[in-house]
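A quick write-up on the structure given underneath.
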Amino acid sequence: MKFVALAVLLSSAVALADEPADVVNYRVKQGDSIDLVAAEFYGDHARTATFIVDENKWKTYRKLNPGERIRIPVTREITTSRGDDLPALAKQYLGDSNRAAFLAQYNGMQVSDIPAAGIVLRLPFRVTHVAQTTESLAAISQFYFGDNKQVEMLRTYNNLGDKTAIEKGDSIVVPVMTIHVHPERLPAAEPEALARQKAHALANEDAAAALPAARISALQGNYADVAKSLADFGKKLEFLDEPLFGQIGMLLGKALVAGGDKAGAVAIYQQVLSRESHRELSSYYESPTVLDAWRAAKGHVTGE
């Protein structure tokens, strides 16, 4: 199918992705056009006005009337909870755990990263393309991205194997990784998500302030002071970013062991290992009681 024919089918061939389909209502101002509104939301990106045309179910571009309300598709922000990983989030919000690589890329992360609770992640901007006739992936790539270099990305995102085209009536999701909606144009976060974001910020601020003194106390063998200064973080570890998460967790675990609370230490070490499964302790540098608690948490010990 030729590119021109694909463009003619635009209004019926493109629908906003429904996983999730987030929009904001916008009141048109004097002098607004579809292109200007698209630029206000998405920046200077080609083809973005198309998304507004389709979301409002217009058959083609039209003049905007001051005062009317129109629907603008936007990216979505999500706030992480304890235990979230990117494959699980990709399955929940993008429909497939295999799309974790796209979620990672969009947020400057690695697929293997386990994010702290309370951080904000953006979902890639997506549209769903429905074929009105047999359409090549190269033509679809050309339309959305201005070149045919995204064919492999479309295959990967949609689990198409070695397909080079889709048939009439078939649909694929097109992630537009270059689009980031201006932050001030994003929908407001829910109160519970805002509470997690605040808890994340405060926990990291408090941990950064408490860590230096706790390290000094540990070097001096004064684990009673370590336990005292880090006591509150047993309930806040999930909100800490790296490297604070691992540093605070390991110090607190050792302090609990020193205080005779093996069960408490095991619980802390289990939290550490839930995000740092690669972490190991050495039998040459740690005390037998610390190693005992570490093993009970299913942690690996080297040198044995």
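Give the range 250-275 a look and list any residue that's of a type in the set (Lys, Arg) and either outside any helix (DSSP H, G or I) or farther than 20 Å from ILE114 by Cα (or both), or say none.
LYS254, LYS262
Looking at the range 161-181, which of its residues are in contact (Cβ under 8 Å) with a residue 12 or more places away in the chain and either open to solvent by less than 30 Å² (accessible area, probe 1.4 Å) or of a type in the set (Gly, Ala, Ser) (or both)?
Result: ALA165, ILE166, GLY169, SER171, ILE172, VAL173, VAL174, PRO175, VAL176, ILE179, VAL181.
Give VAL14, VAL4 a once-over and let me know the one that is open to solvent by less than 60 Å² (accessible area, probe 1.4 Å), under 21 Å from ILE140 (Cα atoms) and modelled with pLDDT under 85.
Answer to the check: VAL14.
I need every pair where a residue in the range 145-157 that is under 22 Å from ALA49 (Cβ atoms) has its Cβ under 9 Å from the Cβ of a residue that is of a type in the set (Val, Ile, Thr) and open to solvent by 50 Å² or more (accessible area, probe 1.4 Å), sequence separation at least 6 or different chains.
From the range 145-157, the pairs are PHE145/THR178.
Quick check on the range 222-232. Is at least one of its residues aliphatic (A, V, I, L, M), open to solvent by 60 Å² or more (accessible area, probe 1.4 Å) and at pLDDT 95 or above?
Yes, because at least one residue in the range 222-232 is aliphatic (A, V, I, L, M), open to solvent by 60 Å² or more (accessible area, probe 1.4 Å) and at pLDDT 95 or above.
Hey, among GLU205, GLU184, GLU192, which residue is assigned to a helix (DSSP H, G or I), more than 30 Å from ILE268 (Cβ to Cβ) and open to solvent by 70 Å² or more (accessible area, probe 1.4 Å)?
Unique residue meeting the criteria: GLU184.
Is it true that GLY259 is more than 30 Å from LYS198 (Cα to Cα), free of Cβ contacts under 8 Å to residues at least 40 places away in the same chain and open to solvent by 10 Å² or more (accessible area, probe 1.4 Å)?
Yes.
Please verify whether GLY169 is in contact with a strand residue (DSSP E or B) (Cβ under 8 Å, 6 or more places away or on another chain) and on the phi > 0 side of the Ramachandran plot, treating the condition exactly as stated.
Spelling it out, GLY169 is indeed in contact with a strand residue (DSSP E or B) (Cβ under 8 Å, 6 or more places away or on another chain) and on the phi > 0 side of the Ramachandran plot.
Within the range 78-123, can you find the residues that are open to solvent by less than 50 Å² (accessible area, probe 1.4 Å), among the polar types (S, T, N, Q) and more than 20 Å from VAL174 (Cα to Cα)?
Those that are open to solvent by less than 50 Å² (accessible area, probe 1.4 Å), among the polar types (S, T, N, Q) and more than 20 Å from VAL174 (Cα to Cα): THR79, THR80, SER81.
Take the range 136-181 and flag every residue that is part of a helix (DSSP H, G or I) and in contact with a His (Cβ under 7 Å, 6 or more places away or on another chain).
Within the range 136-181, just ILE140 meets the criteria.
Could you count how many residues in the range 262-296 are crowded, with 23+ Cβ neighbours inside 10 Å, within 17 Å of LYS235 (Cα to Cα) and not aliphatic (A, V, I, L, M)?
Residues in the range 262-296 being crowded, with 23+ Cβ neighbours inside 10 Å, within 17 Å of LYS235 (Cα to Cα) and not aliphatic (A, V, I, L, M): 1 in total.
Right, TYR93: in a helix (DSSP H, G or I) and of a type in the set (Phe, Trp, Tyr) or not?
The answer is yes for TYR93.
If I ask for residues that are within 25 Å of the chain's Cα centre (by Cα) and in contact (Cβ under 8 Å) with a residue 60 or more places away in the chain, which ones from the range 48-78 would you list?
Within the range 48-78, THR48, PHE51, ILE72, VAL74, THR75, ARG76, GLU77, ILE78 qualify.
Go through (1) surrounded by fewer than 18 Cβ atoms within 10 Å (Cβ to Cβ); (2) of a type outside the set (Phe, Trp, Tyr); (3) in contact with a strand residue (DSSP E or B) (Cβ under 8 Å, 6 or more places away or on another chain) one by one and return the number of the condition ALA213 breaks.
Among (1) surrounded by fewer than 18 Cβ atoms within 10 Å (Cβ to Cβ); (2) of a type outside the set (Phe, Trp, Tyr); (3) in contact with a strand residue (DSSP E or B) (Cβ under 8 Å, 6 or more places away or on another chain), the lone unmet condition for ALA213 is (3).
The values are calculated or read from the model by the stated rules, or taken from the named source; none is laboratory data. Everything numeric in this text was worked out from a predicted model, so none of it was measured. Note that each Cβ is placed from the backbone with ideal geometry, even for glycine, and that neighbours are counted across all protein chains shown. Heavy atoms of the whole protein, side chains included, go into the accessibility calculation; ligands, DNA and RNA do not. Shrake-Rupley method; radii C 1.70, N 1.55, O 1.52, S 1.80 Å.
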